[in-house]
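S.K.: This is the structure, below, for whatever I ask next.
The values are calculated or read from the model by the stated rules, or taken from the named source; none is laboratory data. Quick caveat, the model's predicted, so the values are computed rather than measured. Don't worry about glycine lacking a Cβ; one is built from the backbone with ideal geometry, like all the others, and counts go over all protein chains shown.
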């Protein structure tokens with residue numbers, strides 16, 4: 001399939017959840033209230049975005065299967081896929097156990113949750129912890145589908161999960177009231193259903209080889225995936241994990257003023273994420289000369305389109321938030337939106353060199369970058385949030401993504417100008 005075709009499917013996969021968010025977030029916020037909705041954004045982060053527990057196997061499967069796909073070695077594809085699913089299942093169990101241990105601490109002391117909500121929040125986090133297992137397996141299955149060129153199927157599953165992330169809380173509130181634990185149970189259940197559907201979709205590869213997994217398949221996934229895991233852990237912490245720090249510093253009741261603009265603006269990344277998701281398996285097999293042309297043309301394309309999108313978003317922020325939620329909310333969050341819009345543009349640019357480095361087996365370098373950035377980011381986040389509140393947290397995030405872009409851009413240019 002063409003890059004355009006795969007990118008369009010990726011855009012569709014991200015666009016439907018964005019529409020669901022726009023329609024249903026106001027309903028959920030109005031019924032839950034600021035504090036409970038702030039907790040819901042953290043549950044979304046745990047279930048929807050914390051796929052870093054997959055040990056990088058999802059990205060490793062995309063990388064490995066994109067190469068095996070052209071060899072017609074069905075047995076090798078089957079063994080690699082089985083190894084990936086085994087690793088994601090084991091990683092999910094480890095992640096779930098960790099979250100079960102942390103759940104009481106997060107709800108009772110770290111996040112400054114009011115006593116009336118603590119029991120419901122603790123139970124919600126424990127249910128979300130169980131959801132880490134299907135989340136990691138789903139990450140591996142989507143990586144396999146994209147490595148095999150099945151972007152349409154992968155994005156149908158993504159649409160289901162993304163739509164349900166925002167639709168199910170509203171449905172749960174309507175049917176069962178404002179129970180966060182019930183909402184979380186709905187969200188975990190749909191993850192399990194998608195895992196089953198994806199396994200059925202890949203069943204032809206799972207049953208074709210009767211040979212059991214060997215150390216060879218596991219090692220090649222781990223060697224690539226462990227470094228992706230470092231980025232996979234640190235990356236979401238720097239994108240969504242800051243909500244836990246912000247909640248601890250300013251209280252969960254203030255979190256929606258920061259989290260809702262952040263959640264909405266992150267959705268603007270659907271274009272570069274869609275493009276880069278389709279680009280990775282193709283960059284992995286291009287010759288060096290074609291690689292340079294493809295990289296720079298796509299970098300310029302992302303820069304131009306995302307600049308326009310971010311400018312339009314910043315200009316429409318106040319009227320849209322006033323109509324969507326309230327004038328008071330728009331006034332409080334406007335400066336945050338403007339600051340984060342700059343960061344979104346910078347972050348979109350960083351996705352292109354990040355994809356290039358991963359497409360050519362260099363996840364170690366991006367992992368080192370992210371480890372260094374995390375230490376820097378925590379310090380800056382603490383300093384600016386304690387001094388300037390939510391606006392300071394927004395500025396800290398922009399500073400971090402700017403550093404990430406500079407490091408990745410330098411590394412990509414160095415890689416491209418060294419002949420193979």
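S.K.: Does residue 356 count as surrounded by 19 or more Cβ atoms within 10 Å (Cβ to Cβ) and modelled with pLDDT under 90? Talk me through it step by step, then tell me what you get.
M.R.: Values: surrounded by 19 or more Cβ atoms within 10 Å (Cβ to Cβ): yes; modelled with pLDDT under 90: yes.
So residue 356 passes the test.
S.K.: When the residues of the range 283-296 are narrowed to those that are touching a residue at least 12 places away in the same chain (Cβ under 8 Å) and part of a loop (DSSP other than H, G, I, E, B), which ends up surrounded by the most Cβ atoms within 10 Å (Cβ to Cβ)? Walk me through it before giving the result.
M.R.: Of all residues in the range 283-296, those touching a residue at least 12 places away in the same chain (Cβ under 8 Å) come to 283-285, 288, 291-292, 294-295.
The next check asks that each one be part of a loop (DSSP other than H, G, I, E, B); those that pass are 284-285.
On the way: 284: 20, 285: 13.
Filtering the range 283-296 for residues that are touching a residue at least 12 places away in the same chain (Cβ under 8 Å) and part of a loop (DSSP other than H, G, I, E, B), the one surrounded by the most Cβ atoms within 10 Å (Cβ to Cβ) comes out as 284.
S.K.: Regarding residue 345, is this residue within 24 Å of residue 250 (Cβ to Cβ), surrounded by 16 or more Cβ atoms within 10 Å (Cβ to Cβ) and in contact with a helix residue (DSSP H, G or I) (Cβ under 9 Å, 6 or more places away or on another chain)? Explain how you work it out, then say what you get.
M.R.: Numbers: within 24 Å of residue 250 (Cβ to Cβ): no; surrounded by 16 or more Cβ atoms within 10 Å (Cβ to Cβ): yes; in contact with a helix residue (DSSP H, G or I) (Cβ under 9 Å, 6 or more places away or on another chain): yes.
No: the conditions fail for residue 345.
S.K.: Test of understanding: among 299, 318, 354, which residue is assigned to a helix (DSSP H, G or I) and closer than 30 Å to residue 389 by Cα?
M.R.: Details: 299 fails: closer than 30 Å to residue 389 by Cα; 354 fails: closer than 30 Å to residue 389 by Cα.
Just a single option satisfies the conditions, and that option is 318.
S.K.: Could you give me the residue pairs with C-beta distances under 6 Å whose first residue belongs to the range 248-269 and is on the phi > 0 side of the Ramachandran plot and modelled with pLDDT under 80, whose second residue is surrounded by fewer than 19 Cβ atoms within 10 Å (Cβ to Cβ) and outside any helix (DSSP H, G or I) wherever it lies, and which are 6+ apart or on separate chains?
M.R.: From the range 248-269, the pairs are 251/112.
S.K.: Is at least one residue of the range 3-19 surrounded by fewer than 21 Cβ atoms within 10 Å (Cβ to Cβ), modelled with pLDDT of 75 or more and either out of contact with any strand residue (DSSP E or B) (no Cβ under 7 Å at 6 or more places or on another chain) or not in a helix (DSSP H, G or I) (or both)?
M.R.: yes
S.K.: In this structure, does residue 209 turn out to be at pLDDT 90 or above and surrounded by 14 or more Cβ atoms within 10 Å (Cβ to Cβ)?
M.R.: Taking the combined requirement at face value, the residue does not satisfy it.
S.K.: Could you figure out which of (1) in a helix (DSSP H, G or I); (2) farther than 28 Å from residue 320 by Cα; (3) modelled with pLDDT under 75 isn't true of residue 72?
M.R.: (1)
S.K.: Testing residue 323 on (1) surrounded by fewer than 19 Cβ atoms within 10 Å (Cβ to Cβ); (2) in contact with a helix residue (DSSP H, G or I) (Cβ under 8 Å, 6 or more places away or on another chain); (3) assigned to a helix (DSSP H, G or I); (4) modelled with pLDDT under 90, one condition comes back false. Which one is that?
M.R.: All conditions pass for residue 323, except number (2).
S.K.: Select from the range 404-420 the residues that are surrounded by fewer than 18 Cβ atoms within 10 Å (Cβ to Cβ) and in contact with a helix residue (DSSP H, G or I) (Cβ under 6 Å, 6 or more places away or on another chain) and write down the one among them that is nearest to residue 258 (Cα to Cα).
M.R.: So the residue we want is 409.
S.K.: A follow-up question, please. Suppose the filter is in contact with a helix residue (DSSP H, G or I) (Cβ under 6 Å, 6 or more places away or on another chain) and more than 16 Å from residue 92 (Cβ to Cβ); does residue 185 pass it?
M.R.: Numbers: in contact with a helix residue (DSSP H, G or I) (Cβ under 6 Å, 6 or more places away or on another chain): yes; more than 16 Å from residue 92 (Cβ to Cβ): yes.
Criteria met by residue 185.
S.K.: Considering the range 382-410 alone, what residues qualify as being farther than 20 Å from residue 280 by Cα, assigned to a helix (DSSP H, G or I) and over 20 Å from the mean Cα position of the chain (by Cα)?
M.R.: Selection gives 382, 383, 384, 385, 386, 387, 388, 390, 391, 392, 395, 406.
S.K.: Quick check on the range 178-189. Is at least one of its residues over 24 Å from residue 83 (Cβ atoms) and free of Cβ contacts under 8 Å to residues at least 12 places away in the same chain?
M.R.: yes
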